[in-house]
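Before any comments, here is the structure.
Laboratory data are not the source of any read-out in this text; all were calculated from the coordinates shown. Quick caveat: nothing in here was measured; it's all calculated off a predicted structure. Here the Cβ is made from the backbone with ideal geometry for all residues, glycine too, and neighbour counts use every protein chain on show.
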Amino acid sequence: MTDLTSNPPRMRSPQARRRGLEFQVYFALIFALALPFATVRWMREAIRYRTLDLRGPLARAWAEADRTTPLIFSA
């Protein structure tokens with residue numbers, strides 16, 4: 001049995017609070033801007049490696065927005 005009287009778990013982290021409307025707007029803008037570049041990069045790699053077994057353009061753009069948006073809010 002776990003004793004939570006000495007170290008109670010924290011309810012919310014400060015980072016969880018940041019994912020509000022402003023975060024979603026910035027994320028959507030960065031995602032929309034990254035999508036054409038990710039598509040071109042995906043097409044170039046698909047032609048070069050002759051396979052479609054790569055992360056698609058949506059996954060690439062989502063990852064780019066997911067990396068970039070928190071950098072804006074960390075400043």
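Laid out as a table, the results:
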{"read-out": "Nearest-20 debye value, the range 18-74 charge dipole, Cβ charges on Lys, Arg, Asp, Glu", "value": "180"}
{"read-out": "Virtual paramagnetic centre 7 Å along Cα→Cβ of ILE72, amide N under 20 Å, in the range 23-62", "value": "23-39, 58-62"}
{"read-out": "Gained length - ILE47 relative to LEU29, 0.36 nm times residue gap less alpha-carbon distance", "value": "3.7 nm"}
